[in-house]
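A short worksheet on the structure shown next.
Each reported figure results from applying straightforward, stated rules to the coordinates on display, with no laboratory input. Keep in mind the model is a prediction, meaning the values are calculated, not measured. Counting neighbours? That spans all protein chains shown, and the Cβs are built from the backbone with ideal geometry, glycine included.
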Amino acid sequence: MKTKFSELLKVKKQKVSEIEQKLAAKRHEKEVLLTQKVEIESQIASYALPQEGDFSAMQMALSSREYLFREKEQKEQMLEQINYEIAQLNLLYKEANIDYEKILHLHEVEQEKKLAQLLKEESKQMDEIANQLFTRKQTKGQL
């Protein structure tokens, strides 16, 4: 049953759904970053410096190792940023959900009022019909 809150309820529900989708995307992005970080850590753990060779080979090995450490640090920073964004989205979700629940409650109250009004009108109509039938029987009985 439509009420004056129906359209507003629809808009609030869309906003909640939109935030849920963004939150799910950020959580997925976080999982991907965590996986990448673990892979880099395993590469660092298994990395071995050359035991023999010239200076340039050693220098390349050290720069490769340094690159892996920078990659790990970058992933950690990205994870911090994603965690912050997830926290912000969680707050937005809570607020949007509270607004939605408020409007939903008002919508349901309005529906109950309309239903009660309809039942009251139907009862009046039924009483009127019963009264008319009673009057007809009375007039037929007098004839």
Report task. Below 21 Å Cα-Cα, how many Lys pairs turn up in the range 1-65? Only count pairs eight or more apart in sequence, or on different chains, if you could. Result -> 14
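For the chain, what relative contact order do you get, as a whole percent, if you take Cα pairs closer than 8 Å and at least 6 residues apart?
Details: 64 pairs, mean separation 61.3, N = 143.
Across the chain, relative contact order equals 43 percent.
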Report summary line: If unit charges are put on Cβ atoms (+1 for Lys and Arg, -1 for Asp and Glu) and the dipole of the range 6-142 is taken about its Cα centre, the option from H107, Q88, Q142 lying farthest towards the positive end turns out to be Q142
Report task. Please report, in whole Å, how far the alpha carbons of the range 42-143 spread along each principal axis, starting with the longest. Result -> 129, 21, 15
